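Report on the structure given below.
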Amino acid sequence: MPIKVYKPTTPARRRTSVLINKTLSKVRPKKSLTVIRKQRAGRNNQGRITVRHKGGGVKRFIRIIDFKRDKYDIPARVETVEYDPGRNANIALVVYADGERRYILAPDTLKVGDKIISSAGKIAVTPGNRSLLKSLPTGTVIYNIEMYPGRGGQIARSAGNGAIFMALADGKAQIKLPSGEIRIVSEKCSATVGAPSNPEFRNIRWGKAGRMRHKGIRPTVRGKVMNPVDHPHGGGEGSNPIGLKSPKTYKGKKAYGIKTRKKNNPSNKYIIKRRKSRQTAK
């Protein structure tokens, strides 16, 4: 999938790029598998802003994705490969042998007309097929991985982020996540072979603020240009330092390098190796 970089004919066009994917099907989404996305603008049911920098954006329809893939041993054919405005990976509309249609997360090499299948036993290790971890060979690249059996895929679902099935022992499977974390899940959890499609998504340069507003992302204002009543970094005449030993969030908590994970988190026992921090990676 090539990335088209625009010529700097205007300031907004400078360094702007878009992804050109000619393999996508030029069809409207399946109406029975879409619901309208409600505009919440980062607010909870009380109307309070709980997530900042959200609001606006274009009108979107959410595609109902089948993350469980629980129609076992029924072959399916890929009918279309489509763009989904709700995620950065592409999706595929598959039609099963009994006539039912569902949307699934499309792996990178999936094409229209391909045959895929889900099973609890052994399957061919080809992108798009889904099975239990205990039935897959070690070293397989997988995505849409369940954390608990029967709950549906929750891990490795974004564009290009495939995990690696490393080992199997004592009814537990070890998987290496895209972040570098090594985690344990049950061998009865299911996963799809391959990596999510659209890996070039991370190389897009959005170019202008307007494209971010179309996505529903509002501007981020620096704390040091606010008033003291609005942010701990605010206040002062002209351009001043923040006046603190370490930077803080707008709520007054320390930021950058502070661990926010609870020490006694129940899921700690499932993590063999923590992901590398950004500071260590540098």
remark   = Screening 27, 35, 51 for residues that are without any contact (Cβ under 8 Å) to a residue 60 or more places away in the chain, surrounded by fewer than 12 Cβ atoms within 10 Å (Cβ to Cβ) and under 19 Å from the mean Cα position of the chain (by Cα) leaves only 51
task = Would you mind stating whether residue 181 is acidic (Asp, Glu) and assigned by TED's automatic domain parsing to the domain that holds residue 128?
result = yes
note = Given (1) surrounded by 14 or more Cβ atoms within 10 Å (Cβ to Cβ); (2) outside the structural domain of residue 134 (by TED's automatic domain parsing); (3) modelled with pLDDT of 90 or more; (4) aliphatic (A, V, I, L, M), residue 191 misses just (2)
key: Complete set of residues in the range 236-250 that are assigned to a loop (DSSP other than H, G, I, E, B) and either in contact with a Cys (Cβ under 7 Å, 6 or more places away or on another chain) or closer than 24 Å to residue 51 by Cα (or both)   = 242, 246, 247, 249, 250
Selection from the range 124-163 of residues that are free of Cβ contacts under 8 Å to residues at least 40 places away in the same chain and closer than 20 Å to residue 75 by Cβ = 124, 135
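Which residues, counting only those in the range 54-78, are in contact (Cβ under 8 Å) with a residue 40 or more places away in the chain and either of a type in the set (Lys, Arg) or not in a loop (DSSP other than H, G, I, E, B) (or both)?
If the condition is that a residue be in contact (Cβ under 8 Å) with a residue 40 or more places away in the chain and either of a type in the set (Lys, Arg) or not in a loop (DSSP other than H, G, I, E, B) (or both), then 54, 63, 65, 68, 69, 71, 72, 76, 78 are the ones that fit.
Sort out which residues of the range 40-77 are polar (S, T, N, Q) and farther than 29 Å from residue 147 by Cα, and write them in order of number.
Residues of the range 40-77 polar (S, T, N, Q): 44-46, 50.
Selection gives 46 alone.
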task = Inspect all residues belonging to the range 254-265 and state whether any of them is under 30 Å from residue 57 (Cβ atoms), modelled with pLDDT of 90 or more and either surrounded by 11 or more Cβ atoms within 10 Å (Cβ to Cβ) or not assigned by TED's automatic domain parsing to the domain that holds residue 85 (or both).
result = no
query = Applying the selection to the range 110-150, what residues are under 18 Å from the mean Cα position of the chain (by Cα) and assigned to a loop (DSSP other than H, G, I, E, B)?
reply = 128, 144, 147
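Taking the stated definitions as given, is residue 260 closer than 30 Å to residue 149 by Cα and without any contact (Cβ under 8 Å) to a residue 12 or more places away in the chain? Let's see the steps before the verdict.
Numbers: closer than 30 Å to residue 149 by Cα: yes; without any contact (Cβ under 8 Å) to a residue 12 or more places away in the chain: yes.
Answer is yes for this residue.
The values are calculated or read from the model by the stated rules, or taken from the named source; none is laboratory data. The shown structure was predicted, so the numbers you read here are calculated from the model rather than taken from an experiment. Heads up, the Cβs are rebuilt from the backbone with ideal geometry, glycines too, and the neighbour counts pull from every protein chain shown.
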